[in-house]
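The structure appears right after this line, and notes come after that.
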Amino acid sequence: QVQLVESGGGLVQFGGSLRLSCAASISIFSIKVMGWYRQAPGKQRELVTSITPGGSTNYADSVKGRLTIYRDNAKKTVYLQMNNLKTADTAVYYCNSAPQSRAYWGQGTQVTVSS
C-alpha cells in the first residue's frame, strides 16, 4: 500500500520558518516527480512546488524565494523549507507525485501563520 506521511507543520508567527517532511513508502520514489500541494480554507488545493528525481525544481510565483523543495532519494523523503512565512501561506500542506495521484494523498500537515 502506498503511503505518504507529512509532518512538521504547526503554528508560526508572520516571518517565521518551518520545515515540512514527507516520508514515502513508494518503492519507485526515486523516479517520481514529487510535489508539495496546499489547500487553504475555502480554496481549491494547489501545487506550490515540485522537484524531479534529478533535483530540478519549479515554484508557484506566490512562494518563489521563500519556499525551497529538496529531496533525499535514499531516505525516500521530500522536504519543504518555508521561510519568511505569510498569513496567506496558512493551509494544509500535502505531498504527492506531480502530476498528482489519487492513491497517494495523505492526511497532510497544518501550517498556520499568525499575524
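The values are calculated or read from the model by the stated rules, or taken from the named source; none is laboratory data. The shown structure was predicted, so the numbers you read here are calculated from the model rather than taken from an experiment. Positions of Cβ are backbone-derived with ideal geometry, glycine not excepted, and every protein chain shown enters the neighbour counts. When the accessible area is computed, the model is the full protein with side chains, heavy atoms only, and any ligands, DNA or RNA have been set aside. Shrake-Rupley method; radii C 1.70, N 1.55, O 1.52, S 1.80 Å.
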Practice prompt. Check off (1) open to solvent by less than 30 Å² (accessible area, probe 1.4 Å); (2) touching a strand residue (DSSP E or B) at 6+ places or on another chain (Cβ under 6 Å); (3) farther than 20 Å from S27 by Cβ for Q39 and give me the number that stays unchecked.
Written response: (1)
Fill in: Filter result for the condition that a residue is at pLDDT below 95, crowded, with 16+ Cβ neighbours inside 10 Å and in contact with a strand residue (DSSP E or B) (Cβ under 7 Å, 6 or more places away or on another chain), over L4, L80, L85
L4
Discussion item. With the structure loaded, tell me whether A23 is in a strand (DSSP E or B), open to solvent by 30 Å² or more (accessible area, probe 1.4 Å) and more than 11 Å from V111 (Cβ to Cβ) or whether it fails that test.
Written reply: yes
Worksheet entry | Any pair with Cβ under 6 angstrom, 6 or more apart, that starts in region 6-24 at a residue that is under 26 Å from S101 (Cα atoms) and ends at one that is charged (D, E, K, R) and open to solvent by 30 Å² or more (accessible area, probe 1.4 Å) | G8/R19; A24/K76
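Can you name every residue in region 33-52 that is in a loop (DSSP other than H, G, I, E, B) and touching a Phe, Trp or Tyr at 6+ places or on another chain (Cβ under 9 Å)? Working first, answer last.
At the first step, the residues of region 33-52 found to be in a loop (DSSP other than H, G, I, E, B) are 33, 40-45, 52.
Selection gives R45 alone.
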Discussion item. Whether any residue in region 51-72 is open to solvent by less than 50 Å² (accessible area, probe 1.4 Å) and under 13 Å from L4 (Cβ atoms) is what I want to check.
Written reply: yes
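So is G54 at pLDDT below 95 and among the small types (G, A, S) or not? Outline the logic, then answer.
Working: at pLDDT below 95: yes; among the small types (G, A, S): yes.
When the stated conditions are applied, G54 passes them.
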Discussion item. Which of the numbered conditions does S30 fail, given that it passes all the others? Conditions: (1) open to solvent by 20 Å² or more (accessible area, probe 1.4 Å); (2) over 23 Å from S114 (Cα atoms); (3) assigned to a strand (DSSP E or B).
Written reply: (3)
